[in-house]
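Notes for the one structure printed next.
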Amino acid sequence: YPSEQMFYNSLKRKGKGSDVKPEDVQLMVAIHNNMNEKTWRELLMWERFHCKKCDDPRLLRFLGRPDDLSPKARMKTWMGHDAPFDRHDWVVDRCGKEVRYIIDYYHDSKLPVDKELPAQHDFNSKTQITLDVRRAIDSPEALVDRMRWGIIKALGGEPSVKEGWPSEAGGPSQRQAPKEAPKEWTKEQKKFIQQLDEIQSKCQARFDELRTCEGEADCERKTMAKDVCIGEVTCP
């Protein structure tokens, strides 16, 4: 994490520190570090889907993209919502496999805010900043994760995880109130998940081809091939 002086110098280099006083940087750095820890905690919730494959996911690199709206954020602005004030793309090393996540950061002045600086690992701190962390849909596996997360969230649960995962915790353990057991999936929901698994298995090559398309015509052709493959699974 950057020191206060490093953070301030970085703002100056980017031309964003003209109205920032040195005494303000302490608060900015505290919020910055706190939000990074919250982001990693949310990201690990997604990695729980693959805890049996990798017991030590690690952040490989990240890229700040404040001027690039994600597709989801752009759709939300079309619906009248505020745009995020920042976007990050985080790439996780899942035991040798690179996995990309998108994080949109929103400011909501209606939310309460703490009077004291947030501690780095204070996951209950109130900073008027909300996160939207999710897998980037760049593979069938990512699509499956997004669908599974939506179902589990709707049922009021969270992805299960084996005991002791991850092998190296990102911070001190947090005491949490016991949660109600999630509801069991219905037959229809189980069938839906099976279809997602089948899409991942049968259409992987189509997704790989689409990621390497060149030119509008080629991309349109490969997009249609991907859609046809998904359609053959969902509507045989």
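A few comments on the model shown:
- Extension gain for Glu232 to His81 (0.36 nm times residue separation, less C-alpha to C-alpha distance): 50.8 nm.
- Efficiency of FRET between Asp138 and Ser109 - r from beta-carbon atoms, R0 45 angstrom, step 0.05: 0.85
- Förster-model FRET efficiency, 35 Å R0, Glu42 and Ser201, C-beta, rounded to 0.05: 0.80
- The C-alpha radius of gyration of region 54-114, expressed as a fraction of 2.2 N^0.38 Å, stands at 1.40.
- Cα-derived Rg over Rh, computed across region 27-85 with Rh taken as Kirkwood radius: 1.06
- Low-density loop positions, trypsin sites (Lys or Arg not before Pro), region 38-126 - DSSP coil, at most 13 other Cβ in 10 Å: Lys52, Lys53, Lys110, Lys115, Lys126
- Approximate shape of region 52-160 as ellipsoid semi-axes (Cα gyration tensor, √5λ), whole Å, largest first: 25, 19, 16
Every number in this text was worked out from the coordinates using simple rules, so none of it is lab data. A quick note: this is a predicted structure, and the numbers were derived from the prediction, not measured. We place every Cβ from the backbone using ideal geometry, glycine too, and count neighbours over all the protein chains shown.
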